[in-house]
Structure formats: C-alpha cells, structure tokens
Ligand SMILES: Nc1ncnc2c1ncn2[C@@H]1O[C@H](COP(=O)(O)OP(=O)(O)OP(=O)(O)O)[C@@H](O)[C@H]1O
Ligand SMILES: Nc1ncnc2c1ncn2[C@@H]1O[C@H](COP(=O)(O)OP(=O)(O)OP(=O)(O)O)[C@@H](O)[C@H]1O
Ligand SMILES: [Mg+2]
Ligand SMILES: [Mg+2]
C-alpha cells in the first residue's frame with residue numbers, strides 16, 4: 001500500500017510538478033480517465049479524458065444532464081467499472097490492479113441510483129448487516145452498527161420488514177443505512193434522495209454532512225437537486241462525458257447561463273435574484289443561494 | 001359525474017400474513033375531469049398504493065374506485081380495458097421496461113391496443129420527441145441506459161397510449177432540470193389540448209405549485225386534503241409537520257412579508273414572484 005502511494009506521488013509529481021503536497025491529501029484522483037461500454041474502436045466514449053481529484057474529507061457534489069456520465073464515473077470509484085484509458089486512484093491505490101480491489105471496496109461505500117439493485121436480503125436488518133458481515137466485522141459490533149444506521153435513517157421500526165415490501169422512499173433509506181453500517185472512509189451517493197419527501201431529504205443531507213464533519217468521511221454526492229449541490233464544498237459539472245465546471249457552489253451557480261446550457265438549473269432563489277439583476281438592472285450579489293440570502297438581498301432593496 | 005372517484009377506499013397488503021399492513025384507509029375523493037392533480041405526501045403515506053387502484057392494478061380491500069362514474073371492478077373480466085384508458089407510469093422505470101430495444105418498449109402499449117403498424121410508428125416517434133429521447137437511442141437496450149434515460153422511456157411508453165387518465169408516479173425523480181421542465185411543459189400542453197385528467201405524484205413542491213391545478217395530500221394512509229394548490233400551500237405548518245414543505249420561492253416571500261415588505265405571503269410560482277416583486281418595486285418608487 002505504501003508503495004502505491006509513492007507511485008501516485010511520483011506519477012503526479014511527474015504529471016504536474018510542484019503539486020507534490022496536494023497529492024498526499026487526494027483521496028480520489030482521476031488521470032485522463034476515459035471509458036466506453038463497448039470494446040470496439042468506434043464505440044461512443046462515455047467518459048472523455050476526465051481529470052479530477054477529490055481531497056480527503058471534502059464534500060463534492062456532481063451535477064450533469066441525463067447520460068452525461070455521472071453514474072459511470074461513480075462506478076469507477078468502487079471498481080465496478082475499470083478505465084478504458086487513463087487511470088483512477090483511490091486513496092493512492094490504482095483501481096486497475098486487482099490486488100487493491102478488496103481494500104478499495106472496504107473503504108468506499110456506494111449507494112446506487114436504484115435501491116432495488118442494492119437490496120439483497122429478505123429482512124431489513126439482515127440487509128443492513130450484509131456488507132459489514134462480508135467485511136468480517138464481529139457480530140456484536142455488527143448489531144450495534146445496524147441499529148445505529150437504521151436509527152440514523154429513521155427506519156429502526158421497520159427492521160423486521162421485508163425490503164421489497166416497502167415504499168420507494170423507504171427502500172432508498174434502507175440502501176443508505178446499508179452503506180453507513182460499513183463505516184466507509186468515503187461514501188459515493190448516486191441520487192440518494194431522488195424519491196424522498198422534503199423532510200427525508202433534509203435528514204439524509206444533514207446526516208451525511210454530519211459524518212463528513214465529525215468523522216472526516218469523504219462524500220461524493222450525485223444529484224439533480226441544485227439546492228443540495230449548493231451545500232457542498234465543491235461542485236463538479238459534467239457534460240457529455242467531460243467536466244465543464246469545477247468550483248465552489250457560489251462560483252459555479254453564479255454562472256447562470258453556463259449552468260442552463262448544460263441542461264441544469266439554478267435554485268429558485270438564485271433565479272429570482274438573477275432576474276432582478278438582469279431584467280431590472282438592480283445591484284444585487286450574483287451568488288445568492290439560500291432562502292435567507294435571497295430574502296435578505298431583496299429586502300435591502302426596500303430599506 | 002367525476003373522472004375519478006374513490007369511495008371509502010381501503011387497501012391492506014398481505015392479508016393474514018405476517019406482513020399484513022393497511023396502507024390506505026377509508027379514502028374518499030372526487031376528481032373532476034380535466035384536472036392536473038399533484039399528489040403529495042410523506043414517504044410511505046400511501047400515494048403509490050392509492051394511484052395503483054386507478055388503473056386496476058390493485059383491487060380495493062374494501063370500498064370502490066369509479067372511473068367516469070363506473071365501478072371498475074363491476075365486471076372483473078373487463079379490467080384489462082381499464083389499463084388502456086388509465087395509463088400508469090411506475091415509480092421505478094425498471095418495473096416497466098422489459099423489451100429488447102427502446103423502440104419496442106415504447107411500441108408495446110400501442111401495439112397491444114391493436115393499432116396499425118404505421119400508427120404505432122407515429123405514436124412512438126411522437127412520444128420519444130415528447131420525452132426527449134434521441135433517435136440514436138431507439139435501437140439500444142433499455143437496460144443499457146442511464147437512470148434518467150430509462151425514466152424517459154418509461155414515460156414515453158405510457159404517453160404513446162394517449163390514455164384518458166394519465167397517472168405518473170414520481171416521473172421527474174432522476175430527470176435533469178431541463179428534462180424535467182420540458183417534460184412537465186409538454187404534459188401541461190397535452191393536458192390542455194386533450195382535456196384529459198393527469199395525476200402527478202411528486203416530492204417537489206415547486207413542480208406541484210408550478211404545474212398542477214389541484215393537490216391531493218396523503219398523510220399516514222388517509223386523505224389529508226384535496227383542494228386547490230393555493231389552498232393547500234397556505235397550510236404551511238400542517239404540511240411541515242407531516243414532513244412536507246412549501247416551495248422555496250414561497251419561503252422567500254414569507255420572510256419578505258415578515259420583514260414588513262409589502263408583498264403577499266401567498267406566492268407559489270416564479271411568474272407570480274416576478275409580478276409581485278415588480279409591483280412592490282414600483283410602489284417603492286412612488287412612495288419615495
Ligand atoms: N450498461 C450500459 N451499456 C451501454 N451504455 C450505457 C450503459 N449504462 C449507461 N450507458 C450509457 O452511458 C452514458 C452515460 O450514462 P450514465 O449512467 O453514466 O449517465 P448519468 O450521468 O448517470 O445519467 P442520469 O442522470 O440519467 O443517471 C449514457 O449515454 C448511457 O446511455
Ligand atoms: N408490497 C407491500 N407489502 C406490504 N406493505 C407494503 C407494500 N408496499 C407498500 N407497503 C407499505 O404500505 C405503505 C404505503 O406505501 P406506498 O408505497 O403506497 O407509499 P408512498 O406514499 O408511495 O411512499 P413513497 O413516497 O416512499 O413512494 C408503506 O408503509 C409501505 O411500507
Ligand atoms: Mg446516473
Ligand atoms: Mg411511492
């Protein structure tokens with residue numbers, strides 16, 4: 001393992017001299033990553049020369065139109081897919097080397113876009129215990145983690161239900177609990193809140209922000225909800241297999257036209273302030289994101 | 001006569017098994033033809049269970065479901081016909097897709113309705129355009145698509161049947177914002193042109209406010225309200241208590257009104273917000 005970290009540092013210091021120190025804190029590092037689902041030369045490239053790094057302990061949101069390659073990129077982080085070109089390193093480990101597979105899967109937990117693909121057992125409790133069991137966690141500890149995870153997502157009362165007999169949003173919560181019980185260093189969530197009610201969305205978001213803050217868990221959140229992205233440290237925007245924007249939420253969302261041309265949108269609050277700026281010619285900050293920020297900015301016009 | 005009417009509808013899953021669970025209880029509601037209904041409610045409140053009764057996928061444990069005044073279970077042998085007049089897009093597109101190509105999947109419904117090959121082709125093309133599926137995807141397997149692309153194919157398959165009652169269970173979950181706006185816009189136009197009844201299950205309060213004419217609120221398996229969108233979103237505290245919310249733009253106006261700025265609290269859409277602010281800004285000019 002130490003060797004591979006060294007390899008990365010060497011690799012990166014060769015690729016970008018002077019960025020040696022950065023490399024040590026990088027958890028995910030994609031170098032000219034390309035991918036195609038077919039093995040033919042003419043096949044469409046779903047990821048095109050993507051270079052990206054995610055710092056350890058950071059919270060990164062990934063946005064992009066349908067089919068832009070978000071899930072494909074996420075599946076590389078958990079070694080479900082391997083690069084067709086370039087490479088991907090997870091905590092210094094090259095995903096294309098089979099010897100790292102087990103270690104990477106233990107460190108990186110993935111919540112899939114469709115919870116049906118993730119739920120494996122016939123009882124909720126067993127489902128949540130599945131990954132830690134496979135990781136060889138002692139039974140006593142598993143019981144503790146399962147309870148903790150199910151309580152975190154508000155599904156403890158459903159512990160002896162059958163996962164396939166739950167509502168859509170309830171399944172989504174179980175899938176999240178299953179990954180939380182792994183205690184991963186990094187969690188990759190592929191649209192985890194797509195079917196949750198507003199309170200459920202808020203609770204799940206609060207939970208992953210808390211784990212990020214308190215346990216330093218690295219979070220990669222794929223979402224179509226702009227307000228969720230607005231709460232991340234960093235926003236990455238994908239378009240047809242490439243990264244077209246990368247920055248803080250304020251940097252990215254203030255580029256309203258760029259965001260719209262990528263098939264995305266800005267939060268209603270940003271939209272309102274943008275309209276006041278462009279249509280009414282009013283002098284307001286371009287980077288209002290939250291309800292509070294937008295209301296305060298508008299209120300100032302009347303004071 | 002109503003397009004859809006539920007009379008004391010109750011449904012229990014897995015009767016006399018350890019999984020027995022009453023998902024909806026004593027729901028009575030009357031929906032006039034031509035409404036665009038937003039169906040909202042917390043996770044597990046019974047939305048999917050309720051709407052699966054409308055096309056006869058679930059049979060009431062007790063109570064009745066009427067379409068155009070007729071009990072759909074009066075003659076159980078005819079229930080297949082109900083599936084053609086009330087089209088349902090499932091919450092999970094995977095539960096609906098099964099053909100080998102996208103084209104065949106969208107064509108399945110209209111083909112089964114006995115339409116000519118030519119008519120089927122027209123409808124498939126129209127539905128693909130409606131949902132933003134590019135012709136390049138037509139020969140691909142629906143299982144080799146991205147999540148949002150699968151969702152679009154599932155919606156197209158039901159649109160192609162042009163049902164009198166169109167029911168969509170969280171159709172915009174997983175759609176990118178442009179796709180969501182485009183499909184909802186097209187739905188609204190389709191609804192206005194065909195005068196059909198649309199039910200849209202959604203967790204996006206913004207979308208319900210923007211597109212729907214009325215809102216049906218489920219809470220813990222019972223009907224909490226069926227009313228105009230405005231009346232429902234005026235009940236802020238109750239909605240928040242049951243895990244729902246009001247649109248973000250409405251939250252901004254609540255704050256503005258609380259700060260003493262002369263605007264109404266009851267602003268639910270972006271257009272209304274812009275009008276209200278334009279008026280308030282002009283008023284500001286006059287008073288100063
Ligand atoms: N199993 C597969 N086989 C072949 N092509 C695929 C497969 N899965 C996805 N694709 C294609 O790869 C491209 C990227 O898909 P991906 O699932 O990564 O998109 P996404 O950004 O996650 O989209 P969404 O927002 O809809 O989930 C799409 O054009 C899709 O059709
Ligand atoms: N097949 C089933 N067997 C037993 N119980 C079920 C089954 N399907 C759903 N339920 C239960 O019935 C209740 C209502 O479920 P339903 O799917 O109608 O909720 P929903 O409002 O659509 O929720 P969501 O927003 O999460 O999709 C839930 O408590 C759920 O656990
Ligand atoms: Mg995806
Ligand atoms: Mg549902």
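Bear in mind that the values in this text are calculations on the coordinates, not laboratory data. Computed from a prediction, not measured in an experiment: that's the story for all the values here. Backbone-built Cβ (ideal geometry, glycine too); neighbour counts: all protein chains shown.
Just a few scattered comments:
- For segment A:177-303, radius of gyration divided by Kirkwood radius, i.e. Rg to Rh on alpha-carbons: 1.02
- Computed packing ranks the peptides B:153-162, B:251-260 as B:153-162, B:251-260, most packed first, by mean other Cβ atoms within 10 Å.
- Centre-to-centre, using Cα atoms only, segment A:143-199 and segment B:49-117 are separated by 31 Å.
- Label-reachable residues, segment B:248-288, where backbone N falls under 16 Å from a point 7 Å from residue A:202's Cα toward its Cβ: B:248-255
- Averaging the Cα positions of each part gives two centres, and for segment B:210-288 and segment A:26-49 these lie 45 Å apart.
- Rg/Rg_globular for segment B:101-193, with Rg_globular taken as 2.2 N^0.38 Å and Rg from C-alpha atoms: 1.01
- Above 33 Å, the calculated P(r) of chain B contains 28 percent of its Cα-Cα pairs.
- Over segment A:207-270, volume per residue of the alpha carbon convex hull, in Å³: 91 Å³
- Residues A:209, B:53, ranked from the fewest to the most other C-beta atoms within 10 Å, line up as A:209, B:53.
- For segment B:247-288, the Kirkwood estimate of the hydrodynamic radius, built from every pair of different alpha carbons, is 10.3 Å.
- Between segment B:128-202 and segment A:202-251, the alpha-carbon center distance in angstrom: 27 Å
- The stretch between residue B:266 and residue B:119, if pulled fully straight at 0.36 nm per residue, gains 48.3 nm over its current Cα-Cα span.
- Computed from Cα atoms, the angle from the helix B:248-258 axis to the main principal axis of chain B rounds to 20 degrees.
- Fraction in percent of alpha-carbon pairs per bin - 5 Å, segment A:139-195: 4, 19, 29, 25, 16, 6, 1
- DSSP-defined beta bridges in the protein assembly as shown - what % are antiparallel, rounded to 5: 50 percent
- Gaussian network model of chain A, springs between alpha carbon atoms under 10 Å - residue of A:155, A:238, A:93 with greatest fluctuation: A:155
- Note on A:158, B:233: ascending count of other Cβ atoms within 10 Å places them as A:158, B:233, the fewest first.
- Distance (nanometres) between label positions extended 7 Å along Cα→Cβ at residue A:214 and residue A:102: 3.2 nm
- Volume in Å³ per residue [convex hull over Cα atoms, computed for segment A:48-200]: 127 Å³
- Within 10 Å of each Cβ in A:257-270, the average number of Cβ atoms from other chains: 3
- Rounded to the nearest 10 degrees, the inclination of helix B:117-131 to the longest alpha-carbon principal axis of chain B is 30 degrees.
- Acute angle (nearest 10 degrees) that the helix B:147-159 long axis makes with the longest principal axis of chain B, alpha-carbon atoms: 70 degrees
- Average Cα contact separation per residue, segment A:2-249, under 8 Å, 6 or more apart, as relative contact order %: 25 percent
- Mean residue ellipticity, 222 nm, helices only, chain A: the sum of -39500 (n - 2.57) across DSSP H runs of n ≥ 4, divided by residue count and rounded to 500, is -12000 deg cm²/dmol.
- Built from the Cα atoms of chain A, the convex hull projects on average onto 18.7 nm², one quarter of its surface area.
- Per-peptide average of other Cβ atoms within 10 Å, ordering A:180-187, A:97-104, A:215-222, B:274-281 highest first: A:180-187, A:215-222, B:274-281, A:97-104
- The three principal axes of the Cα atoms in segment B:1-129 give end-to-end lengths of 45, 37, 30 Å, sorted in falling order.
- Relative packing of peptides A:195-201, A:146-152 - highest average C-beta neighbours within 10 Å first: A:195-201, A:146-152
- Kirkwood hydrodynamic radius (C-alpha pairs) into Stokes-Einstein, the protein assembly as shown, 25 °C and 0.890 mPa s, D in µm²/s: 96 µm²/s
- Peptide B:144-153 has a mean of 5 when you count, residue by residue, the C-beta atoms of other protein chains within 10 Å of its C-beta.
- Order of A:288, B:212, B:234 - criterion: other Cβ atoms within 10 Å of each residue's Cβ, fewest first: B:234, B:212, A:288
- Peptide A:152-163 has a mean shielding of 1, counted as Cβ atoms of other protein chains within 10 Å of each residue's Cβ.
- GNM result for chain B, Cα springs below 10 Å: residue of B:241, B:140, B:192 fluctuating most strongly: B:241
- Most simply put, chain B has about 55% antiparallel DSSP beta bridges, counting only bridges with both residues inside it.
- For chain B, averaging the sequence separation of C-alpha pairs within contact (under 8 Å, six or more residues apart) and dividing by the residue count gives a relative contact order of 21 percent.
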